[in-house]
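Reading through the structure tokens given below for one structure.
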Amino acid sequence: MRYFLELAYLGTAYHGWQKQPDAVSVQEKIEQVLSRLLQKKIEIVGAGRTDAGVHAKQLFAHFDTEEFLDEEEMLYKMNSMLPKDIAISRILRVKNNTHARFDALSRSYEYCIVQEKDPFLINKAYYLKQHLNVDKMNEAAQILKNYRNFKCFSKSRTDVKTYNCIIESAEWKRKGELLVFHITADRFLRNMVRAIVGTLLQIGQGKNSVENLHDIIKSEDRGMAGASVPAHGLFLTQIKYPKIEVD
């Protein structure tokens, strides 16, 4: 039987989502709790990966077990045992062929910038004092939707079959004291959002032009794009699926 987990976490204390040797990850913490509760080794498959320090307001993962679970009881026990910075909001039994990663239709991220120093936003927003031309940044963001190959924004030496992504929306918005970049695509490359934000910030600071973004993307050269912004301002906010059939 297959179960979906809907979860959220603050990524500050973790070396990203994916389990890896000699580093603490979110996946590892959840697998440890599930394995303890079900008294056998459980492995989970996430809808995607977040880098070290990146947060998730919504992420889905699935796992398989031979046991029927009381979802509400399991939810309570898992949240009681998990660290305070990881929370499970839902557990549901799904069809056995439902896949957390491959069935996802789109993923959305937000990148948060604060321009006045705020101690309550440490590790949750990138403090950037410089003046930004948000209109220029939004003009450049619309260009992204006209392209498919985003190798120029991908982390070097990434083993992927394609650099193609379909960006559905990309926009900067003011949200109280925050300046927030919203982006949705069918998939993302490693480090892609942080590299896009770094490039758009260069345009907003007048260090690059809107028109030059075309040349950057066409170059397929990571060295042409802007530097990646810090991880702590990035949040995975939503993953959309076709209607998930509950078993």
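The values are calculated or read from the model by the stated rules, or taken from the named source; none is laboratory data. Just so it is clear, the structure is predicted and the values come from calculations on it, not from any experiment. All Cβ positions, glycine included, derive from the backbone under ideal geometry; neighbour counts span all protein chains shown. Keep in mind that these areas ignore ligands, DNA and RNA; they rest on the heavy atoms of the full protein, side chains included. Shrake-Rupley method; radii C 1.70, N 1.55, O 1.52, S 1.80 Å.
Brief remarks follow.
- Whichever residue in the stretch 112-126 is touching a strand residue (DSSP E or B) at 6+ places or on another chain (Cβ under 6 Å) and closer than 25 Å to LYS29 by Cβ and, among such residues, is surrounded by the most Cβ atoms within 10 Å (Cβ to Cβ): ALA125
- Residues in the stretch 16-39 that are at pLDDT below 95, open to solvent by 30 Å² or more (accessible area, probe 1.4 Å) and over 18 Å from HIS62 (Cα atoms): GLN20, PRO21, ASP22.
- Among residues of the stretch 117-132 that are over 30 Å from SER209 (Cβ atoms), those with a beta-carbon under 7 Å from a residue that is of a type in the set (D, E, K, R) at least six positions away or on a different chain give the pairs ASP118/GLU177.
- Some residue of the stretch 64-87 being at pLDDT below 95, among the aromatic types (Phe, Trp, Tyr) and either closer than 13 Å to PHE4 by Cβ or open to solvent by 10 Å² or more (accessible area, probe 1.4 Å) (or both): yes
- The stretch 176-205 - residue that is in contact with a strand residue (DSSP E or B) (Cβ under 9 Å, 6 or more places away or on another chain) and in a helix (DSSP H, G or I) and, of those, farthest from SER106 (Cα to Cα): GLY204
- Restricting the first member to the stretch 8-19 and to residues that are within 12 Å of ALA231 (Cα to Cα), and the second to residues that are open to solvent by 30 Å² or more (accessible area, probe 1.4 Å) and in a helix (DSSP H, G or I), the beta-carbon pairs closer than 7 Å and six or more apart or on different chains are THR12/HIS232.
- Residues of the stretch 181-191 that turn out to be of a type outside the set (Gly, Ala, Ser), touching a Cys at 6+ places or on another chain (Cβ under 9 Å) and buried (at least 19 other Cβ atoms within 10 Å of the Cβ), as a count: 3
- Across the stretch 53-68, a minimum of one residue is classified as among the aromatic types (Phe, Trp, Tyr) and closer than 30 Å to GLU168 by Cβ.
- Residue that is modelled with the lowest pLDDT, among those in the stretch 40-56 that are touching a Leu at 6+ places or on another chain (Cβ under 9 Å), closer than 19 Å to LEU189 by Cβ and part of a loop (DSSP other than H, G, I, E, B): GLY48
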